[in-house]
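Each remark here refers to the structure printed beneath this line.
The values are calculated or read from the model by the stated rules, or taken from the named source; none is laboratory data. This is a predicted model, so every value here is computed, not measured. Cβ placement follows ideal geometry from the backbone for every residue including glycine, while neighbour counts extend to all protein chains displayed.
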Amino acid sequence: MTQHKKLNPYSKQNNDTGFASNTQNTGGRFLNKDGSYNLVKEGMPFLKRFSLFHNMLNLPDWKFMAVILSFYFVINLLFTAVYIWIGFDQLDGLIRGSNWKMAREVFYFSTQTFTTVGYGHVNPVGDAANIVSALESLTGLLSLAIATGLIYGRFSKPKSYLLFSEQALISPFKGSTALMFRFAAFKDKHALTDVEIKVNTGMLVVEEEKPRYKYFTLNLERTKVESMPLSWTVVHQIDEGSPFYGFTAEDMENADVELYVMLRGFDEVFSNYVQQRTSYTYHEIMFDRKWVPMYRESPDGTTTILELHKLNIHTAVAKSGE
């Protein structure tokens, strides 16, 4: 493990990161690439830790639709089972046939009752079936109301729609080097204003012969822009005031370096502030590389074209003498 002795007193140490300094009780990266925390909570009952509303709002789209369809299918299967248990004679209009054929008709009747469509081909005639169908109609109305609220919440939830580069680079910069990564808004006609960014880093430092994590706020070339229609390359110059001064790739690995990126901006569409987090670990920081430009002029010279497919493209830095 490398002891980092070049921490400049002007490097600002940040003790308000929310991460622990005990190096023996943490595993893996602290912050996932999608901005979620790499953390599993234990010690309390699952139902106290679990929030159905929060989880449904944050599920990926395909999982959300899978949950909705699965609930719809399962709840109707349950009501179908109850109708069959009550007896086929409690439902008028069933086309008589095999048990499987009548069970299918009961299932279709359940879906129609659940959604309050009620085509009228089959209807309950006994007290038990009427009570069950009344409860099913109420359950269907409440379920649809909840699903509508969740769908609206997912659509109206402010999102940043930003793509971050997969790596951060160590590139030449003003006679020295700098750590750089970039990001861009990927939706058409979508641009953030009043955008602010903060980058912290955590690393192992040996103090009194004991390794411990310390956290530093990195000085950036620019921390705020009024508008961001194009990409933004975030630059931290590695000079004597940087916690990375004199670091090699091996030093980055030995120090278990991880960058924590926090971005906040105003979205005119949502009329609200949005934020996004991401991180870069030492194996996602590449030395002696530089970004290729990702925007160009249109052939007629009237428009700027942002080439999003070039967000992660970089090239080797030509060494002196080559």
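Residue-wise test of (1) within 21 Å of the chain's Cα centre (by Cα); (2) surrounded by 13 or more Cβ atoms within 10 Å (Cβ to Cβ); (3) hydroxyl-bearing (Ser, Thr, Tyr); (4) closer than 29 Å to LYS159 by Cβ.
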site: SER227; (1), (2), (3), (4): no, no, yes, yes
site: ASN254; (1), (2), (3), (4): no, yes, no, no
site: GLY265; (1), (2), (3), (4): yes, yes, no, yes
site: PRO299; (1), (2), (3), (4): no, no, no, no
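Every test in (1) within 27 Å of the chain's Cα centre (by Cα); (2) in contact (Cβ under 8 Å) with a residue 12 or more places away in the chain is passed by HIS309 save one, and that test is (2).
Listed by first and then second residue, the pairs linking a residue in the stretch 281-295 that is on the phi > 0 side of the Ramachandran plot to a residue that is at pLDDT 95 or above and surrounded by 18 or more Cβ atoms within 10 Å (Cβ to Cβ), with Cβ atoms under 7 Å apart and 6 or more places separating them unless they lie on different chains, are ASP288/ILE170.
Let's see how each residue does on (1) hydrophobic (A, V, I, L, M, F, W, C); (2) touching a residue at least 60 places away in the same chain (Cβ under 8 Å); (3) assigned to a strand (DSSP E or B); (4) crowded, with 18+ Cβ neighbours inside 10 Å:
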{"residue": "ARG154", "(1), (2), (3), (4)": "no, yes, no, no"}
{"residue": "LEU169", "(1), (2), (3), (4)": "yes, yes, yes, yes"}
{"residue": "ASP188", "(1), (2), (3), (4)": "no, no, no, no"}
{"residue": "TYR215", "(1), (2), (3), (4)": "no, yes, yes, yes"}
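Within the stretch 205-212, one or more residues are under 24 Å from SER36 (Cα atoms) and outside any loop (DSSP other than H, G, I, E, B).
No other residue among SER160, SER165, SER98, SER156 is out of contact with any helix residue (DSSP H, G or I) (no Cβ under 8 Å at 6 or more places or on another chain) and within 30 Å of GLY241 (Cα to Cα) apart from SER165. Filtering the stretch 231-274 to residues that are part of a loop (DSSP other than H, G, I, E, B) and under 16 Å from ALA191 (Cα atoms) leaves SER231, GLU268, VAL269, PHE270, SER271.
Regarding ARG96, is this residue part of a helix (DSSP H, G or I), of a type in the set (D, E, K, R) and assigned by TED's automatic domain parsing to the domain that holds TYR72? Criteria not met by ARG96.
In the stretch 59-77, is there at least one residue being within 30 Å of MET203 (Cα to Cα) and either loosely packed, with under 10 Cβ neighbours inside 10 Å or at pLDDT 90 or above (or both)? Within the stretch 59-77, not a single residue is within 30 Å of MET203 (Cα to Cα) and either loosely packed, with under 10 Cβ neighbours inside 10 Å or at pLDDT 90 or above (or both). With respect to the stated conditions, SER231 fails to be in contact with a strand residue (DSSP E or B) (Cβ under 9 Å, 6 or more places away or on another chain), loosely packed, with under 15 Cβ neighbours inside 10 Å, small (Gly, Ala, Ser) and assigned by TED's automatic domain parsing to the domain that holds HIS283.
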